[in-house]
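What follows is a set of notes on a single structure, which appears directly below.
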Amino acid sequence: MLHRTGEIELPATRQTSLNPFVQRNKPQPVLIDTSALNGGLTDIRPISLQQVRRTSDEPLFNSLIEHHHYLGYEQPVGEHLKYLVWAQGRPIACMAWSSAPRHLGSRDRYIGWSADARRRNIRFIAYNTRFLILPWIKVPHLASHILSRVTSALSGDWERMYSHPVYFAETFIDPGRFRGTCYRAANWVLMGRTTGRGKASNSYIPNRSIKEVFGLALSPRFRELLSKV
């Protein structure tokens with residue numbers, strides 16, 4: 001600041017360090033079987049889930065999201081899990097989870113917790129950030145089946161990784177692109193919509209698309225557990 005105001009003069013910058021959280025190298029493509037896989041769920045079983053966070057298959061997950069999900073890959077910050085779904089010896093889907101947004105009006109009203117309880121217990125909510133069925137996989141009802149399987153395993157996997165469970169799951173759906181059919185089929189509840197302003201907005205004018213907010217209780221006591229102070 002003193003240099004910018006002319007109070008002192010600093011020498012020229014000799015080296016600019018790479019910040020891996022700002023300038024991260026994009027995941028490279030990975031060669032996999034991309035032949036069409038059609039039929040029903042019974043035709044492709046067994047379907048297996050693999051939590052790949054901190055495993056040798058994490059780069060495969062990152063690559064598939066980067067090159068086949070319309071939002072691409074972003075390195076999560078904070079607690080997060082990554083799932084690969086396999087059938088017939090090859091990956092067919094990916095699902096990513098991370099720490100939940102701190103403030104989300106429709107979610108907070110649905111839970112009914114206080115501000116103190118939210119600050120204390122926000123870590124017990126998992127946010128589904130990415131869900132990808134690889135484009136050459138055409139299997140009816142696969143998405144809702146995967147959602148049910150992953151959410152059944154999510155709390156236990158979270159506790160093994162981070163030493164605490166999660167009691168509630170949430171996600172955003174862009175209604176301009178998707179109808180959220182697989183989430184509804186997997187018993188997720190529409191809690192409301194976002195304001196479209198984002199956490200960095202300093203006005204009441206929307207600066208991004210408005211999303212639908214879906215939630216799923218992972219424990220029948222989720223309100224009681226999340227409202228403790």
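Tabulated data
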{"read-out": "Ranked Cys182, Cys94, criterion: other C-beta atoms within 10 Å, fewest first", "value": "Cys182, Cys94"}
{"read-out": "Residues of the range 155-188 with amide N under 15 Å of a point placed 7 Å along Cα→Cβ from Ser209", "value": "172-181"}
{"read-out": "Residues whose placed amide H lies under 5 Å from that of Val139, excluding near-sequence neighbours", "value": "none"}
{"read-out": "Full-extension gain in nm, Glu224 to Phe178, via 0.36 nm per residue minus C-alpha separation", "value": "13.3 nm"}
{"read-out": "Two-site label geometry, Arg119 and Ser56: point separation in nm, points 7 Å out along Cα→Cβ", "value": "4.6 nm"}
{"read-out": "Highest to lowest packing among 79-92, 102-115, scored as the average C-beta count within 10 Å", "value": "79-92, 102-115"}
{"read-out": "At R0 = 25 Å, FRET efficiency that the Cβ-Cβ distance of Met1 and Arg193 yields, to 0.05", "value": "0.05"}
{"read-out": "Cα principal axis extents for the range 25-159, largest first, Å", "value": "51, 37, 26"}
{"read-out": "Nearby aspartates and glutamates by direct alpha-carbon distance to Lys138 (threshold 17 angstrom, same-chain neighbours under 8 apart not counted)", "value": "Asp33, Asp43"}
{"read-out": "Pairwise FRET efficiency - Val77 versus Thr42, Cβ, R0 = 41 Å, nearest 0.05", "value": "0.55"}
{"read-out": "10 Å-binned pair-distance histogram of the chain (Cα, whole percent)", "value": "7, 27, 32, 19, 9, 4, 1, 0"}
{"read-out": "Note, ³J(HN,Hα) from phi for the range 211-218, Karplus 6.51, -1.76, 1.60, rounded to Hz, x at Gly and Pro", "value": "10, 7, 10, 10, x, 9, 6, 9"}
{"read-out": "Derived scalar couplings ³J(HN,Hα) [the range 86-95; Karplus, 6.51 cos²θ - 1.76 cosθ + 1.60; whole Hz; x for Gly, Pro]", "value": "10, 8, 6, x, 9, x, 10, 7, 9, 9"}
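We did not get these values from a lab; they are worked out from the coordinates using the rules stated. What you see is a predicted model; the values in this text were computed from it and never measured. Cβ: placed from backbone, ideal geometry, glycine included. Neighbour counts: every protein chain shown.
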